[in-house]
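In what follows, a structure is listed as structure tokens, so that the remarks can point back to it.
The values are calculated or read from the model by the stated rules, or taken from the named source; none is laboratory data. Everything quoted here is computed from the prediction, not taken from an experiment. In this analysis, Cβ positions are derived from the backbone assuming ideal geometry, glycine residues included, and neighbour counts consider all displayed protein chains. Heavy atoms of the whole protein, side chains included, go into the accessibility calculation; ligands, DNA and RNA do not. Shrake-Rupley method; radii C 1.70, N 1.55, O 1.52, S 1.80 Å.
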Amino acid sequence: NEAIITTLTATVKAGDVITVEGNILDSSRSFEYYLLNKPKGYVTTTSDEKGRDTVLDLIDTDTRIYPVGRLDYDTTGALILTNDGELANLLMSPSSLIDKKYIVKVKGIVSIKDIQRLRNGVVIDGILTKKAKVKLKSIDKKKETSIVEITIHEGKNHQIKKMFEVLGYKVVKLRREEYSFLNLKGLLPGEYRKLSIKEVKTLYSLCKNK
């Protein structure tokens with residue numbers, strides 16, 4: 001209200017005009033941040049022309065939020081939803097280098113040689129993927145399947161599936177286990193929680209310090 005605040009704390013009431021370095025803050029809206037354990041059978045969009053359920057159907061809020069990035073219809077795991085456009089853009093920017101860890105089940109016995117190829121990057125859609133952290137978790141010779149942990153910071157369309165398909169492996173199950181430092185501890189499929197202010201600030205810091 002054109003008065004300079006010099007104290008560490010100050011009470012703000014509805015209708016007050018707050019200006020920081022010449023910029024008026026919009027106090028009429030507040031940001032919301034959610035971490036969802038996305039289950040199978042939901043599309044990662046705000047609406048679906050086919051009438052399928054969307055991830056927004058799982059969040060109990062009247063605020064118009066949207067998912068940050070995408071997980072395929074049959075992919076599960078960590079997904080952030082928010083109405084903070086600045087943070088969403090930072091997280092999705094290729095320059096942010098935000099790690100995303102996936103657990104992948106594929107048809108076939110993945111060789112050590114192919115694990116190394118995934119680490120160094122493979123060509124999908126004519127572009128070499130960035131280096132990744134890859135670990136072979138287990139193999140089932142009887143069922144001819146493998147479980148692989150892979151961490152990437154890119155977000156190309158269907159990237160994980162395409163990386164394995166290039167090497168001749170079909171992905172049968174895909175789960176995003178972690179999004180940066182955020183994990184799904186305590187969240188069953190379809191459950192979500194609000195992010196704390198500290199977590200939001202950390203995400204901003206990670207994006208801007210890359």
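So the values come out like this:
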quantity: Counted residues, region 111-122 - those being free of Cβ contacts under 8 Å to residues at least 24 places away in the same chain and surrounded by fewer than 11 Cβ atoms within 10 Å (Cβ to Cβ); calculated: 2
quantity: Yes/no for T9 being open to solvent by less than 70 Å² (accessible area, probe 1.4 Å), farther than 25 Å from K156 by Cβ, of a type in the set (V, I, T) and not in a helix (DSSP H, G or I); calculated: no
quantity: Residue in region 52-64 that is most open to solvent (accessible area, probe 1.4 Å), counting only those that are of a type in the set (V, I, T) and either assigned to a helix (DSSP H, G or I) or within 17 Å of L187 (Cβ to Cβ) (or both); calculated: T61
quantity: Residue within region 68-86 that is in a loop (DSSP other than H, G, I, E, B), free of Cβ contacts under 8 Å to residues at least 60 places away in the same chain, touching a Phe, Trp or Tyr at 6+ places or on another chain (Cβ under 9 Å) and open to solvent by 60 Å² or more (accessible area, probe 1.4 Å) present; calculated: yes
quantity: Residue pairs meeting the criteria (Cβ under 7 Å; at least 6 apart or on separate chains; first closer than 20 Å to Y66 by Cα, in region 14-32; second modelled with pLDDT of 75 or more); calculated: F31/T82; F31/N83; F31/D84; E32/T61; E32/T63; E32/I65; E32/T82; E32/N83
quantity: Failed item in (1) in contact with a Phe, Trp or Tyr (Cβ under 7 Å, 6 or more places away or on another chain); (2) under 26 Å from L90 (Cα atoms), with G108 passing the rest; calculated: (2)
quantity: Answer residue from region 29-42, given it is open to solvent by 10 Å² or more (accessible area, probe 1.4 Å) and at negative phi and is farthest from the chain's Cα centre (by Cα) among those; calculated: R29
quantity: Failed item, numbered, when K101 is tested on (1) part of a loop (DSSP other than H, G, I, E, B); (2) under 22 Å from V134 (Cα atoms); calculated: (1)
quantity: Single residue of region 123-142 satisfying the filter (touching a strand residue (DSSP E or B) at 6+ places or on another chain (Cβ under 9 Å) and either in a strand (DSSP E or B) or free of Cβ contacts under 8 Å to residues at least 12 places away in the same chain (or both)) that is most open to solvent (accessible area, probe 1.4 Å); calculated: K133
quantity: Residue check, S95 assigned to a helix (DSSP H, G or I), farther than 20 Å from E165 by Cβ and open to solvent by 20 Å² or more (accessible area, probe 1.4 Å); calculated: yes
quantity: Any hit, region 107-121, residues being closer than 30 Å to Y204 by Cβ and in a strand (DSSP E or B); calculated: no
